Amino acid sequence: MVLGGLALWPLYSMARRAWDDRVATVAAALYAFLPAVVDFQIEPMTEGTFMFFFFSAMAVGWSALEETSWEKTVAAAGCAALAWLTRPEGIYLLPLFLAAALMRFSRFTPVALGIFLVVWTVLAFPYLSFIHAQTGRWQVSLSPVPGMIRDLLTGARPPGMEGGDYDEYRVVKQHGMILGGARHLSAYFFGKVLFYGLGPFIVLGLFRLKPSEGQRRLAAFLLLAAVGYLAPIALSFIAATPFSHRFLLVPASLLLPVAAVGLARAAEWTRRREALPLFVAALCVAMAVRDFRPRRADKIGMKEAGLAIRNTLGPGKRIFSTNIQIPFYAQSEYVDVPEDAVDAYAFTLADLRRWEPGLEEKVREKHPLLGEFPSPPRKDALTVRVYRARP
């Protein structure tokens, strides 16, 4: 949460350089109140940490190229490596820095690219070696998802819709790859990630961008980063890999300065000085109402299940769970294979479809039920059952 909040600093810095203090302040306010940011950064997830290092690498990297500073280039490469160590999507910062270097080409560019690559490789190599030792090949993640996309691009795996009954694949099957994918992504982008009221201002901002004098390339860099980030997401639809709307959080945040520009342009049309503060305040109040009613309330059973395991068995246990958040609340080790050497089994009923048929029935025959959560049951909350594997 702390790093997610601090991610506002590099985002503000880039918006201020590309436009002015007014646009940067509005973009920062939108980021602070954006419901999707609040939803994901209050949970035990890596989004806040990742966004801090990702935006910092972008801001410091651009500044390094602008000021021909090798020290800032080292710092940018360090942030880029830490972003990748946090989430595999951080690998995108390598081509993004190359794009920035080409947009601000000078005699320093080859030196900056060399420094950036060397520093990134030194910091990333230990984990790259670990991945190679585990998988037998050089790749950017232990997750099978990048490999599925790579195999699709190399022809080793044909396009397929093995996504089963996930929402995105039902839409794509019904409406086709292009229309269905675009329809689903736009619904998630403007519905679950960007607040509904921001859409028109983003469109207006794109048509009336007007960056500060000499900063067109930085504004273009922000747009390039947002659009380019969506490319792997589009490929994931073709490769039929799991999808979450949290993947859209970074490009949505990068478009907030554009929304701020749109708000500023709309306020100028009114010819009233108080128009912009009123527009921004109204949006932030509307988003604050959503912020205090998080959509993750359906997962309260996971928290209660984890706390019940911790209170009954104690922390530091081995727990097989269909959801990684339950072991987090139990302060225990997450086990992703239903093996015998575990202390408890935790099943989120909605997630059982992803596992072998009859898995819970097999566990129920051998082990007693510790509890069903939330307790008492709630109609709008996912049900979690916990079985005690050891006396």
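Values in this text are rule-based calculations from the coordinates and carry no lab data. All figures in this text were calculated on a predicted structure; none of them were measured in a lab. Neighbour counts run over all protein chains shown; Cβ positions are idealised from the backbone, glycine included.
In Å³ and rounded to a whole number, note down the convex hull volume per residue for the Cα atoms of region 1-138.
Per-residue hull volume (Cα only) is 112 Å³.
Give the aspartates and glutamates reachable from residue 210 as a straight Cα distance under 16 Å; neighbours fewer than 8 places away on the same chain don't count.
Reachable aspartates and glutamates: 20, 21, 268.
Could you state the number of Å between the C-alpha centres of region 249-264 and region 195-212?
7
What does the charge count near residue 64 come to, summing +1 for each Lys or Arg and -1 for each Asp or Glu among other residues with Cβ under 15 Å from its Cβ? Present the calculation step by step, with values, prior to reporting the outcome.
On the way: positive: 17, 72, 104, 107, 217; negative: 66, 67, 71.
Net local charge, residue 64 excluded: +2.
If neighbour count is taken as other Cβ atoms inside 10 Å, put 16, 293 in order from fewest to most.
So the ranking, lowest neighbour count to highest, is 293, 16.
Among the chymotrypsin sites (Phe, Trp or Tyr not before Pro) within region 329-390, which fall in a DSSP loop and have no more than 16 other Cβ atoms within 10 Å of their own Cβ?
Those that pass, being in a loop and sparsely packed, are 355.
Of 303/366; 192/299; 303/379; 317/366, which sit over 21 Å apart, Cα to Cα?
With Cα atoms farther than 21 Å apart: 303/366.
Spin-label point model (7 Å from Cα, Cβ direction): what's the residue 71 to residue 365 distance in nm?
6.8
Can you classify region 341-391 as rounded, prolate or oblate using the Cα gyration tensor, where a ≥ b ≥ c are the square roots of its eigenvalues, rounded means a/c under 1.5, and otherwise it's prolate if a/b beats b/c and oblate if not?
Details: a/c = 2.39, a/b = 1.29, b/c = 1.85.
Taking the square roots of the gyration eigenvalues as a ≥ b ≥ c, region 341-391 is oblate.
Quick one: order 379, 210 by neighbouring beta-carbon count within 10 Å, fewest to most.
Listed from fewest to most nearby Cβ atoms, that is 379, 210.
Would you mind pulling out the separation of the Cα centroids of region 103-121 and region 273-331, in Å?
41
Compute the orientation-averaged projected area for region 319-362 from the convex hull of its Cα atoms and round it to one decimal in nm².
3.0
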